[in-house]
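Notes follow the structure.
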Amino acid sequence: MSERSTPEDEASDAAAGLTFVVPKKEISMVPDMGKWKRSQAYADYMGFILTLNEGVKGKKVTCEYKVSETVEKLVDVLATMDRWIDETPPVDQPSRFGNKAYRTWFSKLDQEAEALVSSVLPADRMAAAPEIAVYLRESVGNPIRIDYGTGHEAAFAAFLCCLCKVGALRVDDQLAIVFTVFKKYLSVMRKLQRTYRMEPAGSQGVWGLDDFQFLPFIWGSSQFVDHPTLEPRHFIDERVVNEHHQDYMFLECIKFINEMKTGPFAEHSNQLWNISAVPSWSKVNQGLIRMYKAECLEKFPVIQHFKFGSLLSIQPVQP
């Protein structure tokens with residue numbers, strides 16, 4: 001290997017030797033959860049989340065950062081998915097939730113996912129498209145139940161992690177991954193949730209952090225670390241939310257909750273209300289990471305749906 005090789009080169013060298021496989025479920029019973037926590041996939045996934053968490057620390061969404069060609073292509077993919085929502089209006093049906101038009105929208109993505117992923121991959125990595133496309137399909141909700149939750153969100157993070165592993169996204173894309181790609185993903189998911197009245201998957205009601213998302217709260221709280229004026233107690237103030245939501249993901253999430261729910265904040269979003277009493281953003285951030293592991297990544301009902309291939313492997317971490 002040349003002396004000037006970068007981590008990306010090593011990653012793509014590793015990917016070059018891989019035989020890509022279509023990911024499948026490996027966690028079928030509660031005792032299998034140990035396999036997941038010891039897996040290379042878990043280490044890589046968590047490492048990816050924490051790297052981005054570190055990358056956005058103290059930075060505004062509106063700060064200056066590099067936008068690569070791959071990032072632009074990813075935005076195009078998400079814009080296509082967004083356009084399909086406009087082309088697939090909700091149908092008249094007796095039940096208020098779970099509009100069946102979502103299934104029509106989903107089948108479009110199901111058919112096109114591989115082509116969409118191919119449009120983002122470097123020419124020498126096209127063989128990875130079927131493997132990576134699985135995570136894109138899994139990231140938008142379930143067409144049978146017409147629901148969406150943190151397991152689907154995790155699939156999108158896994159999709160981005162795989163793109164890093166094959167060298168399509170690089171180390172200097174970190175800010176753009178969160179502030180451009182993930183932000184666009186969130187806006188498409190919110191539009192899906194609104195348009196088709198999707199049910200929250202496996203929701204814990206008021207005891208969960210949020211009906212649909214978790215990661216933007218983690219990364220969003222990291223953005224606030226060492227903020228000179230805004231403290232955790234400020235995010236329940238609607239004026240603060242309206243003034244700063246473009247700069248901070250966390251506030252954008254609060255704004256969406258306020259639009260979707262009625263009644264006192266302390267009642268419909270009890271966990272978040274409790275978080276507003278935490279003295280510092282770094283404590284909020286650490287607490288949310290712990291909560292994410294406990295409430296999402298260590299919960300069988302979430303992880304039983306996770307799929308493992310060559311890029312996110314069920315094999316145990318090599319010591």
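Remarks
- Peptide packing for 103-109, 273-279 was compared via the average number of neighbouring C-beta atoms within 10 Å per residue; ordered from the highest value, the list is 103-109, 273-279.
- Dipole moment magnitude, nearest 20 debye, the stretch 210-297 about Cα centre, only Lys, Arg, Asp, Glu C-beta charged: 280
- Extended-chain gain in nm, criterion 0.36 nm per residue less alpha-carbon gap, Asn258 and Ala294: 10.4 nm
- Computed over the chain, the ratio Rg/Rh where both radii use C-alpha atoms and Rh is Kirkwood: 0.95
- Whole-number percent relative contact order across the chain, with pairs defined as alpha carbons under 8 Å at least 6 apart: 32
- Packing rank of 94-102, 172-180, where each peptide gets the mean count of other beta carbons within 10 Å, highest leading: 172-180, 94-102
- Heavy-atom accessible surface of the chain: percent carbon and sulfur, 1.4 Å: 52
- FRET efficiency, Gln111 to Ser28 (Cβ-Cβ, R0 25 Å, nearest 0.05): 0.35
- Whole-number accessible area per residue in Å² for the chain, which is evaluated in the context of all protein chains at 1.4 Å: 46
- Packing-based order for 79-90, 208-219, using average beta carbon neighbours within 10 Å, highest first: 208-219, 79-90
- Estimated dipole of the chain in Debye, rounded to 20 [Cβ of Lys and Arg +1, of Asp and Glu -1, Cα centre]: 720
- Global geometry of the stretch 136-257, whether rounded, prolate or oblate, following the gyration tensor of its Cα atoms and the 1.5 cut on a/c: oblate
- Its alpha carbons give the stretch 167-233 an Rg and a Dmax of 14.9, 40 Å.
The values are calculated or read from the model by the stated rules, or taken from the named source; none is laboratory data. Note that the coordinates shown come from a computational prediction; the quantities given were computed from them, not determined experimentally. Every residue, glycine among them, receives a Cβ derived from its backbone with ideal geometry; neighbour counts consider all protein chains shown. In case anyone asks, the SASA skips ligands and DNA or RNA and just uses the protein heavy atoms, side chains included. Shrake-Rupley method; radii C 1.70, N 1.55, O 1.52, S 1.80 Å.
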